[in-house]
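Right, one structure below, let's go through it.
The values are calculated or read from the model by the stated rules, or taken from the named source; none is laboratory data. If you're wondering where the values come from, they're calculated on a predicted model, not measured in any experiment. So basically every Cβ, Gly included, is an ideal-geometry build from the backbone, and we count neighbours across all protein chains shown. Keep in mind that these areas ignore ligands, DNA and RNA; they rest on the heavy atoms of the full protein, side chains included. Shrake-Rupley method; radii C 1.70, N 1.55, O 1.52, S 1.80 Å.
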Amino acid sequence: MEKTVYIRLRHRIQVYPNEVITIDKIALVVGDKELTEKIKRIFIHKIQPSDKNMVVIDVMHVLKEIHKFDHQIDTQTIGAAQTIVEILYDKKKFSPLLFCVVWILLFIGAGLAIMNFHEDVSMQAVHQKIYKMVTGKSNDYPLLLQIPYSLGLGIGMVLFFNHLFKKKINEEPSPLEVEIFNYQLDLDQYVAMNENKENLNEVDDNH
(Lines give C-alpha, C1' and ligand atoms only; values in the text may rest on other atoms or scores of the structure.)
Protein backbone atom coordinates (compact mmCIF):
# COMPACT_ATOMS: atom_id res chain seq x y z
CA MET A 1 0.00 0.00 0.00
CA GLU A 2 1.37 3.41 -0.97
CA LYS A 3 2.07 5.81 1.91
CA THR A 4 2.34 9.55 1.25
CA VAL A 5 4.39 12.05 3.25
CA TYR A 6 5.09 15.71 2.57
CA ILE A 7 8.53 17.19 3.21
CA ARG A 8 9.68 20.80 3.26
CA LEU A 9 13.39 21.41 3.77
CA ARG A 10 14.44 24.20 6.09
CA HIS A 11 16.46 26.93 4.42
CA ARG A 12 19.29 27.03 6.97
CA ILE A 13 20.15 25.33 10.26
CA GLN A 14 23.04 25.57 12.71
CA VAL A 15 24.80 22.56 14.22
CA TYR A 16 27.93 21.79 16.20
CA PRO A 17 30.97 19.66 15.24
CA ASN A 18 30.43 15.88 15.27
CA GLU A 19 26.66 16.35 15.45
CA VAL A 20 24.44 13.78 13.72
CA ILE A 21 21.90 15.24 11.31
CA THR A 22 18.58 13.45 10.98
CA ILE A 23 15.61 14.41 8.82
CA ASP A 24 13.75 16.09 11.67
CA LYS A 25 16.60 18.63 12.01
CA ILE A 26 16.56 19.73 8.38
CA ALA A 27 12.93 19.29 7.35
CA LEU A 28 9.29 19.52 8.33
CA VAL A 29 7.52 16.20 7.71
CA VAL A 30 3.74 15.86 7.44
CA GLY A 31 1.79 12.64 7.06
CA ASP A 32 0.76 9.61 9.06
CA LYS A 33 1.97 10.22 12.61
CA GLU A 34 3.54 6.81 13.14
CA LEU A 35 5.26 6.90 9.76
CA THR A 36 6.54 10.47 10.08
CA GLU A 37 8.04 9.72 13.50
CA LYS A 38 10.11 6.94 11.90
CA ILE A 39 11.11 9.12 8.94
CA LYS A 40 12.25 11.96 11.21
CA ARG A 41 14.81 9.63 12.83
CA ILE A 42 16.44 8.63 9.51
CA PHE A 43 20.16 9.42 9.48
CA ILE A 44 21.29 11.89 6.81
CA HIS A 45 24.80 13.07 7.65
CA LYS A 46 27.36 13.30 10.44
CA ILE A 47 29.42 16.47 10.70
CA GLN A 48 33.08 15.78 9.88
CA PRO A 49 36.17 18.02 10.20
CA SER A 50 36.39 17.95 6.39
CA ASP A 51 33.01 19.72 6.21
CA LYS A 52 34.70 22.91 7.47
CA ASN A 53 32.10 25.66 8.00
CA MET A 54 29.16 24.65 5.81
CA VAL A 55 27.42 21.63 4.34
CA VAL A 56 24.64 21.67 1.75
CA ILE A 57 22.15 18.82 1.93
CA ASP A 58 20.14 18.33 -1.24
CA VAL A 59 16.56 17.09 -1.25
CA MET A 60 17.57 14.22 -3.56
CA HIS A 61 19.84 12.84 -0.85
CA VAL A 62 16.95 13.01 1.61
CA LEU A 63 14.65 11.18 -0.82
CA LYS A 64 17.30 8.53 -1.40
CA GLU A 65 17.58 7.80 2.32
CA ILE A 66 13.79 7.67 2.72
CA HIS A 67 13.46 5.19 -0.15
CA LYS A 68 16.21 3.08 1.41
CA PHE A 69 14.10 2.96 4.55
CA ASP A 70 10.89 2.09 2.66
CA HIS A 71 10.65 2.20 -1.13
CA GLN A 72 6.83 2.21 -1.00
CA ILE A 73 6.69 5.69 0.56
CA ASP A 74 5.42 8.37 -1.82
CA THR A 75 7.40 11.48 -0.88
CA GLN A 76 6.11 14.87 -1.98
CA THR A 77 8.59 17.72 -1.60
CA ILE A 78 7.58 21.35 -1.08
CA GLY A 79 9.72 24.48 -1.07
CA ALA A 80 13.51 24.69 -1.09
CA ALA A 81 15.66 22.02 -2.76
CA GLN A 82 18.61 22.41 -0.39
CA THR A 83 19.28 22.96 3.29
CA ILE A 84 22.40 24.89 4.24
CA VAL A 85 23.98 23.52 7.40
CA GLU A 86 26.20 26.02 9.20
CA ILE A 87 28.70 24.48 11.59
CA LEU A 88 29.28 26.48 14.77
CA TYR A 89 32.73 26.28 16.29
CA ASP A 90 33.87 27.70 19.61
CA LYS A 91 34.31 31.44 19.32
CA LYS A 92 37.59 33.08 20.13
CA LYS A 93 37.81 34.81 23.49
CA PHE A 94 36.89 38.48 23.59
CA SER A 95 39.95 40.71 23.30
CA PRO A 96 39.50 44.20 24.82
CA LEU A 97 42.67 45.42 23.07
CA LEU A 98 41.46 44.29 19.64
CA PHE A 99 38.03 45.80 20.33
CA CYS A 100 39.59 49.17 21.22
CA VAL A 101 41.82 49.15 18.13
CA VAL A 102 38.89 48.35 15.80
CA TRP A 103 36.67 50.93 17.55
CA ILE A 104 39.30 53.67 17.19
CA LEU A 105 39.87 52.84 13.50
CA LEU A 106 36.14 52.92 12.77
CA PHE A 107 35.68 56.13 14.76
CA ILE A 108 38.49 57.90 12.92
CA GLY A 109 37.37 56.55 9.54
CA ALA A 110 33.74 57.61 10.09
CA GLY A 111 34.86 61.04 11.32
CA LEU A 112 37.09 61.59 8.30
CA ALA A 113 34.33 60.48 5.92
CA ILE A 114 31.87 62.98 7.44
CA MET A 115 34.44 65.78 7.48
CA ASN A 116 35.44 65.17 3.87
CA PHE A 117 31.80 65.14 2.79
CA HIS A 118 31.16 68.44 4.58
CA GLU A 119 34.26 69.92 2.99
CA ASP A 120 33.15 68.80 -0.48
CA VAL A 121 29.72 70.43 -0.13
CA SER A 122 31.10 73.52 1.72
CA MET A 123 28.90 72.91 4.73
CA GLN A 124 30.56 75.63 6.81
CA ALA A 125 29.86 78.21 4.09
CA VAL A 126 26.25 77.02 3.93
CA HIS A 127 25.85 77.48 7.69
CA GLN A 128 27.39 80.93 7.47
CA LYS A 129 24.95 81.96 4.72
CA ILE A 130 21.94 80.53 6.59
CA TYR A 131 23.03 82.34 9.77
CA LYS A 132 23.34 85.64 7.89
CA MET A 133 19.94 85.15 6.23
CA VAL A 134 18.23 84.48 9.58
CA THR A 135 20.03 86.99 11.83
CA GLY A 136 21.30 89.53 9.32
CA LYS A 137 24.78 89.29 10.83
CA SER A 138 27.97 87.65 9.52
CA ASN A 139 29.60 84.98 11.68
CA ASP A 140 32.56 82.82 10.69
CA TYR A 141 31.62 80.24 13.35
CA PRO A 142 27.82 80.00 13.55
CA LEU A 143 27.73 77.60 16.52
CA LEU A 144 24.01 78.27 16.92
CA LEU A 145 23.53 76.17 13.77
CA GLN A 146 26.57 73.89 13.91
CA ILE A 147 25.95 72.44 17.39
CA PRO A 148 22.29 71.41 16.75
CA TYR A 149 23.34 70.13 13.31
CA SER A 150 26.05 67.93 14.84
CA LEU A 151 23.63 66.56 17.46
CA GLY A 152 20.99 65.96 14.79
CA LEU A 153 23.50 64.11 12.63
CA GLY A 154 24.17 61.61 15.44
CA ILE A 155 20.49 61.24 16.35
CA GLY A 156 19.61 60.79 12.68
CA MET A 157 22.11 57.95 12.34
CA VAL A 158 20.62 56.23 15.39
CA LEU A 159 17.09 56.54 13.97
CA PHE A 160 18.23 55.45 10.50
CA PHE A 161 19.91 52.27 11.75
CA ASN A 162 17.12 51.70 14.32
CA HIS A 163 19.60 50.72 17.03
CA LEU A 164 20.89 52.28 20.22
CA PHE A 165 23.75 49.97 21.19
CA LYS A 166 22.00 46.54 21.33
CA LYS A 167 18.48 47.92 21.85
CA LYS A 168 16.14 48.30 18.88
CA ILE A 169 13.98 51.42 18.80
CA ASN A 170 11.07 49.64 17.06
CA GLU A 171 10.33 46.34 15.33
CA GLU A 172 10.86 47.69 11.81
CA PRO A 173 14.08 46.32 10.25
CA SER A 174 16.77 48.89 9.59
CA PRO A 175 18.20 49.41 6.06
CA LEU A 176 21.42 47.78 7.24
CA GLU A 177 19.54 44.68 8.44
CA VAL A 178 17.73 44.44 5.10
CA GLU A 179 21.04 44.68 3.21
CA ILE A 180 22.61 42.02 5.45
CA PHE A 181 19.55 39.80 4.89
CA ASN A 182 19.81 40.20 1.10
CA TYR A 183 23.55 39.52 1.25
CA GLN A 184 22.92 36.35 3.27
CA LEU A 185 20.37 35.14 0.69
CA ASP A 186 22.83 35.74 -2.15
CA LEU A 187 25.57 33.96 -0.19
CA ASP A 188 23.30 30.98 0.54
CA GLN A 189 22.33 30.76 -3.14
CA TYR A 190 25.98 30.82 -4.18
CA VAL A 191 26.93 28.14 -1.64
CA ALA A 192 24.03 25.91 -2.74
CA MET A 193 24.85 26.27 -6.45
CA ASN A 194 28.56 25.74 -5.89
CA GLU A 195 27.90 22.61 -3.82
CA ASN A 196 25.62 21.19 -6.51
CA LYS A 197 28.27 21.89 -9.14
CA GLU A 198 30.86 19.96 -7.11
CA ASN A 199 28.43 17.07 -6.64
CA LEU A 200 27.76 16.93 -10.39
CA ASN A 201 31.51 16.91 -11.08
CA GLU A 202 31.93 13.99 -8.66
CA VAL A 203 29.14 12.09 -10.44
CA ASP A 204 30.77 12.74 -13.83
CA ASP A 205 34.15 11.57 -12.51
CA ASN A 206 32.61 8.30 -11.31
CA HIS A 207 31.16 7.48 -14.75
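Structure notes:
- Looking across region 10-44, the residues that are part of a loop (DSSP other than H, G, I, E, B), under 17 Å from residue 87 (Cβ atoms) and either aliphatic (A, V, I, L, M) or open to solvent by less than 60 Å² (accessible area, probe 1.4 Å) (or both) come down to 17, 19.
- The set of residues in region 104-124 that are assigned to a helix (DSSP H, G or I) and of a type outside the set (A, V, I, L, M) comprises 107, 109, 111, 116, 117, 118, 119, 120, 124.
- Conditions (1) aromatic (Phe, Trp, Tyr); (2) in contact (Cβ under 8 Å) with a residue 60 or more places away in the chain; (3) out of contact with any Gly (no Cβ under 9 Å at 6 or more places or on another chain): number failed by residue 6: (3)
- Residue match in region 87-103 (condition: touching a residue at least 60 places away in the same chain (Cβ under 8 Å) and open to solvent by less than 70 Å² (accessible area, probe 1.4 Å)): yes
- Every condition in (1) without any contact (Cβ under 8 Å) to a residue 12 or more places away in the chain; (2) over 27 Å from residue 189 (Cβ atoms) is met by residue 73 except one, and the failing one is (1).
- For the residues 46, 52, the requirement of being modelled with pLDDT of 90 or more and of a type in the set (D, E, K, R) singles out 46.
- Complete set of residues in region 125-167 that are farther than 30 Å from residue 178 by Cα, in contact (Cβ under 8 Å) with a residue 12 or more places away in the chain and not in a loop (DSSP other than H, G, I, E, B): 127, 128, 130, 131, 144, 145, 146
- Residue 84 meets each of the listed conditions (1) closer than 23 Å to residue 185 by Cα; (2) in contact with a helix residue (DSSP H, G or I) (Cβ under 6 Å, 6 or more places away or on another chain); (3) surrounded by fewer than 16 Cβ atoms within 10 Å (Cβ to Cβ) apart from (3).
- Residue among 108, 44 that alone is β-branched (Val, Ile, Thr), under 13 Å from residue 26 (Cα atoms), out of contact with any Gly (no Cβ under 6 Å at 6 or more places or on another chain) and without any contact (Cβ under 8 Å) to a residue 40 or more places away in the chain: 44
- Scan of region 81-96 for residues that are among the small types (Gly, Ala, Ser) and either farther than 19 Å from residue 193 by Cα or under 17 Å from the mean Cα position of the chain (by Cα) (or both), ordered by number: 95
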